[in-house]
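Structure record follows, encoded as C-alpha cells.
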C-alpha cells in the first residue's frame, strides 16, 4: 500500500510539472525560417552542396521544401541576407560563412552547430544532414541536466549556477517529477528535430512509456543511495539519472529516425555504457563545483 501511495503521489507531481511544459514553444522554435546561401566557383560544387542539404533520396515534396530555403548567391531571386552561407573552400571568408568540405561534410555540420546553436532545431527539422548531430547533442545535454539535478538537489548549497532547466523546479518535492518531465521535454525536442509531430496528444505513446519507465529508475536510484552511507550514493544516483535519460533519448532517436526503438539487448548494453559515462560526469561535476578541478 505504501508503494502504491508513493506511485500515486509521484504521478500527481508529474502531472503538476507537465503544466510547465509548452510544446507550442518547441514547434515555433523548430519552424523558425532559415535561409542558406551557397557560394562556389563551379556548378558541380554547387550541385554537391544542394545534394548534401537536400539528399536525392528524400521524397519530391520534402526536397522541394528544402529548396525553398536554399539559394545560390548571385541568383536574381536570392535574398540580400542569409542566416548561414556555405562556400567552396578558398572562395570567401566572412562572418556567418562556413567552408563546405565535400569529402567530410560532417565537419561542416559541426562547425555550423558550434557557431549557430540558436538555429540547431530549425536546421535539423528542415535539413536532414543536421538531424543526427542535433538529436545526439540534445540527448546528451538533457542527460547531463538530469544527472546534475539528481546530484545537486541533495546538496543545494552546491547547486551550480550553470545548471538551469527551462522551467521552475523548486516547487516539486519529487526528483522523479523533475527528471521525468525533463525527459518528456527531450521527447518534444527530438520529435521537432526529426520533423515529427510535437505535442502531448501527438506523442502520447512516447510520454506514457517515459512515465512508466520513470519508476524503475527511481527505485534503483533510491536503493543504491540507501545502501551507501554519508551521501556516497549521490554519484550512483546521478549516474542512473544520466544513463536512464540516455537510454530513453537513444530509443526515441531510433524511433523517430527508423520507426522502431531499441531492442532489450541494445538497451541493456547502452545502459551499462551510459552508466559508466554518467558516473564520470557526476564525479567531474562535483569536483568542479567544489573547486577541486577544472573541466577537461
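The values are calculated or read from the model by the stated rules, or taken from the named source; none is laboratory data. Keep in mind the model is a prediction, meaning the values are calculated, not measured. All Cβ positions, glycine included, derive from the backbone under ideal geometry; neighbour counts span all protein chains shown.
Yes/no matrix, rows are residues, columns are (1) farther than 30 Å from residue 180 by Cβ; (2) buried (at least 16 other Cβ atoms within 10 Å of the Cβ); (3) at pLDDT 85 or above; (4) outside the structural domain of residue 213 (by TED's automatic domain parsing):
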{"residue": "10", "(1), (2), (3), (4)": "no, yes, no, no"}
{"residue": "83", "(1), (2), (3), (4)": "yes, yes, yes, yes"}
{"residue": "86", "(1), (2), (3), (4)": "yes, yes, yes, yes"}
{"residue": "94", "(1), (2), (3), (4)": "yes, no, no, yes"}
Self-check item: Residue ID - farthest from residue 134 (Cα to Cα), chosen from residues in the range 86-115 that are in a loop (DSSP other than H, G, I, E, B) and under 25 Å from the mean Cα position of the chain (by Cα)
Solution: 96
Practice problem: Return a yes/no flag: does the range 55-70 have any residue that is surrounded by 13 or more Cβ atoms within 10 Å (Cβ to Cβ) and in contact with a strand residue (DSSP E or B) (Cβ under 7 Å, 6 or more places away or on another chain). | Solution: yes
Quiz item: Counting only residues that are surrounded by 13 or more Cβ atoms within 10 Å (Cβ to Cβ) and in a helix (DSSP H, G or I), how many does the range 29-43 have?
Solution: 2
Practice problem: Consider only pairs whose beta carbons are under 6 Å apart and that are at least six residues apart or on different chains; among these, list those whose first residue lies in the range 58-84 and is on the phi < 0 side of the Ramachandran plot and whose second residue is at pLDDT below 95 and in a loop (DSSP other than H, G, I, E, B). | Solution: 71/78
